[in-house]
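Q: My structure is below; once you've seen it, I'll send some questions.
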Amino acid sequence: MSAGVALARVVIAEDEAIIRLDLKEILTSAGYDVVGETGRGDEAVRLVEEHRPDLAILDIKMPGMDGLRAAREITSRHQVVVLLMTAFSQRDLIEEARDAGVAAYLIKPFQPRELLPAIADVLAKSRQQWAIDAEASTDGAEDKIATRRLVDEAKTILMDRNELPESEAFSFIQQTAMQTRVRMRAVAQQIVDGTLTP
Ligand SMILES: [Mg+2]
């Protein structure tokens, strides 16, 4: 379990009590801190407002407000990773979900063995994205995209050439940038150019 997972705070919104309980148990035993749970979409928005979690897991169909609209409300106001729970038959909603700021899907019924790595992965990737975007906050949209691409390229090099796991590859870029007081983009460029190795 990574430290990031142990520190992650979660709000769960699922109107089927058994699934909600199951999810809560799986997450809690994996080290997540479930700070709020509800069976209503509108309540989910309120709980996120109140607790400012790292992660919100929303069922797509709930009373009060559907998961997509709740996701839209949440992501427009807060930096929260939103996962949407759905069934196979609802897969046509993928496009709309992406539009609503949903980071990933969980297909029900889920298996703990698949669920936990999927959540950890999405959480890590979102955090990386935010770190990159925070650094590039004063840049234009094109620069941001260029930075993301460059960091991705550098990460791939570190993973392939130095056999680092993805999270460590990103940490290397981030830590080096902090220690040498340059931007991650510059560090990534050095890695791509071959002038910097771990
Ligand atoms: Mg439901």
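The values are calculated or read from the model by the stated rules, or taken from the named source; none is laboratory data. All values derive from a computational prediction rather than experimental measurement. Cβ placement follows ideal geometry from the backbone for every residue including glycine, while neighbour counts extend to all protein chains displayed. SASA here: full protein model, heavy atoms, side chains in, ligands and nucleic acids out. Shrake-Rupley method; radii C 1.70, N 1.55, O 1.52, S 1.80 Å.
Q: Could you tally the net charge around Ser76, taking each other residue with its Cβ under 14 Å from the Cβ of Ser76, Lys/Arg +1 and Asp/Glu -1?
A: Charge balance in the 14 Å sphere: 0.
Q: Run the reach check for Lys155 against lysines, Cα to Cα strictly under 19 Å, same-chain hits fewer than 8 apart removed. What comes back?
A: Here the lysines satisfying the reach criterion relative to Lys155 are Lys125, Lys144.
Q: Setting aside same-chain residues fewer than 8 positions from Lys61, which lysines have a Cα under 19 Å from its Cα?
A: Those lysines meeting the cut-off are Lys24, Lys108.
Q: To the nearest 10 degrees, how steep is helix 141-161 against the longest Cα principal axis of the chain, on a 0 to 90 scale?
A: With both axes taken from Cα atoms, the answer is about 80 degrees.
Q: Okay, moving on. In Å², and per residue, what accessible area does region 3-125 have when probed at 1.4 Å with the other protein chains present? Present the calculation step by step, with values, prior to reporting the outcome.
A: Working: 6060 Å² over 123 residues.
Result: 49 Å² of accessible area for each residue.
Q: Sticking with this one: What is the sum of charges, Lys and Arg at +1 and Asp and Glu at -1, for the other residues whose Cβ falls under 13 Å from the Cβ of Glu37?
A: Local net charge: -4.
Q: Let me ask something else. Within the accessible area of the chain, what % is carbon and sulfur when the probe is 1.4 Å and the other protein chains stay in place? Kindly include the intermediate steps, with their values, before the conclusion.
A: On the way: 5280 of 10670 Å².
Ligands and nucleic acids excluded, carbon and sulfur reach 50 percent.
Q: Rolling a 1.4 Å sphere over the protein heavy atoms, what is the accessible area per residue of region 144-184, to the nearest Å²?
A: Here the residues of region 144-184 average 64 Å² of exposed surface.
Q: Another question about this same structure. Which loop trypsin sites (Lys or Arg not before Pro) in region 93-198, with loop taken from DSSP, have no more than 16 other Cβ atoms within 10 angstrom of their Cβ? Don't skip to the answer; put the middle values down first.
A: Numbers: sites: Arg98, Arg113, Lys125, Arg127, Lys144, Arg148, Arg149, Lys155, Arg161, Arg181, Arg183, Arg185; in loops: Arg181, Arg183.
Those that pass, being in a loop and sparsely packed, are Arg181, Arg183.
Q: Looking at Ala44, Ser29, Ile12, which one has the Cα that reaches farthest to the positive end of the dipole of region 3-125 (charges on Cβ: Lys, Arg +1; Asp, Glu -1)?
A: Final value for the positive-end residue is Ser29.
Q: Can you classify region 3-125 as rounded, prolate or oblate using the Cα gyration tensor, where a ≥ b ≥ c are the square roots of its eigenvalues, rounded means a/c under 1.5, and otherwise it's prolate if a/b beats b/c and oblate if not?
A: Since a/c stays below 1.5, the shape of region 3-125 is classed as rounded.
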